[in-house]
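Here's the structure, in structure tokens; my notes come after.
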Amino acid sequence: MLLRLLNAQSCKRASVNAVFTSGRVARAAGILRGNSTLSKRPLDDLHYHLMNAPSDLQHWTKSVFAVSYLSDPPVKLENSKTILGIIPALEEEEAGLNDFKENAKFIDLMHETVQAALVDGVDDVIQAEALQRGSGWLHIHASWPLDERNVPALGRIGDPDDILGSVRVEDGKILPETYQRMPSYRLFTADGPPKLSAGLAKRLEEALLRQQKEENEA
């Protein structure tokens, strides 16, 4: 079930059909309502906003869930950079992982934010990894140690699906201008949703809130 995959840690018994047909998300399953303001740490929760499907998907489904780290839905679904992607709100059948449609604009924003964060050196985990590595390529994983999404041991290479990008390290120092995206990276896998380390998550949260403000004022 897709919702179980999106929330691999806390939704092992969640019913996708029940959520889709009722238009609600259950707190007991670890999923927050679209208007919830609860948050444990930056980007710790996913929100599912029921919205009309984009015009190019009306032949497939009339309604979709916009998956977002933000508690408020976007003003317009089309062209918004604030949502990770969309899930069809199907009543007749359960949506699968392959039904999730990634939002390329969100992915672009995430990469831009990560590279800017590397320039500012805001993430202690990445800085520690760079010091240990000394010189070579450092992989940026979209997972943090409390998550179950295939976190590799320190200094080891993780699953390509979980590697957001790579950056060159020389003498323990990160060279942000060398940051490269990993083409094989996927926002959602069978192991769950993306989970950035605390420093990167905080920066991405700030970037999403700024973007949301811009879109609301446009």
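Please treat every number below as a calculation from the coordinates, not as lab data. Since this is a predicted model, take the numbers as computed values, not measurements. Cβ atoms come from the backbone with ideal geometry, glycine included; neighbour counts cover every protein chain shown.
Side notes on the structure shown:
- Using a Förster distance of 35 Å, the FRET efficiency for Asn98-Glu177 (Cβ separation, nearest 0.05): 0.45
- Per-residue extension of 0.36 nm, minus the Cα-Cα distance of Leu50 and Ala218, leaves a gain of 58.3 nm for this segment.
- R0 of 25 Å, Cβ-Cβ distance Glu170-Glu112: FRET efficiency to nearest 0.05: 0.65
- Here segment 180-197 is scanned for amide nitrogen atoms under 14 Å from the site 7 Å beyond the Cα of Val122 along Cα-to-Cβ, giving 196-197.
- Close amide H contacts of Ile174 (hydrogens built in the peptide plane, cut-off under 5 Å, sequence separation of 5 or more or a different chain): none are found.
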